[in-house]
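Data block below; observations after.
The values are calculated or read from the model by the stated rules, or taken from the named source; none is laboratory data. Everything quoted here is computed from the prediction, not taken from an experiment. When the accessible area is computed, the model is the full protein with side chains, heavy atoms only, and any ligands, DNA or RNA have been set aside. Shrake-Rupley method; radii C 1.70, N 1.55, O 1.52, S 1.80 Å.
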Amino acid sequence: MGIIWVLIALCVLVLVLLVLWLRERRNARIEHVAYGLREGEDSDEQTRTSITEMEAEFVEAISKLEELNLVKQDEWGHWIWIETGKPLGNDEKQG
């Protein structure tokens with residue numbers, strides 16, 4: 001009976017390590033793309049492409065937040081949360 005618990009514990013440990021490894025691989029791939037370091041391509045051009053993609057995703061996210069009436073622009077053109085009045089991107093915990 002004791003060997004079964006050891007096997008179960010080893011399986012759980014292997015699954016946890018697999019999940020952590022996959023998450024780290026995903027993060028590494030995202031960083032790789034974000035900094036334009038793909039092999040075989042001009043890194044300056046890739047960086048410009050990555051920045052353009054990030055800007056497009058930002059515009060899409062802001063549009064969705066505007067549609068949900070969660071953010072607005074203040075008189076200086078800064079994005080702020082409607083509910084709290086704090087700047088978008090402010091990392092202070094709400095609570």
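Just a few scattered comments:
- When residues of region 1-36 are limited to those that are open to solvent by less than 100 Å² (accessible area, probe 1.4 Å) and at pLDDT below 85, the one nearest to H78 (Cα to Cα): A34
- Residue match in region 64-87 (condition: at pLDDT 70 or above, open to solvent by less than 70 Å² (accessible area, probe 1.4 Å), under 19 Å from the mean Cα position of the chain (by Cα) and among the polar types (S, T, N, Q)): no
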